[in-house]
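The values are calculated or read from the model by the stated rules, or taken from the named source; none is laboratory data. For clarity, every value in this text was computed on a predicted model and none was experimentally measured. Because the Cβ atoms are built from the backbone with ideal geometry, glycine has one as well, and the counts that use them run over all protein chains shown.
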Amino acid sequence: MTDVPFKVGDRVKKRSGYEYPGFIVSVFANRAGAVVVEADHCAFSGMLHIFNGDQLEHR
């Protein structure tokens, strides 16, 4: 995981499709080496959503 575009605490939004503004709470690589991020959304208390790194962008 050398080129990670996000860090914990970053404000993000989903690039396309349904809206999902949130905050990064975890960044890790899967076994294939792809960047995976977990985001929290304040409107959905306690809900965490896992995204591929390329599904999100900074806001």
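What strands (runs of 3 or more DSSP E) completely inside the range 13-52 contain at least 2 residues that are over 20 Å from residue 3 (Cβ atoms)? Where strands (runs of 3 or more DSSP E) fall fully within the range 13-52 and carry at least 2 residues being over 20 Å from residue 3 (Cβ atoms), they are 21-29, 48-52. For residue 8, the test of being hydrophobic (A, V, I, L, M, F, W, C) and either exposed (fewer than 10 other Cβ atoms within 10 Å of the Cβ) or part of a strand (DSSP E or B) (or both) is failed.
Considering only residues that are among the aromatic types (Phe, Trp, Tyr) and under 17 Å from residue 44 (Cα atoms), look in the range 11-28 and name the one that is modelled with the highest pLDDT. Residue satisfying both the conditions and the ranking: 23.
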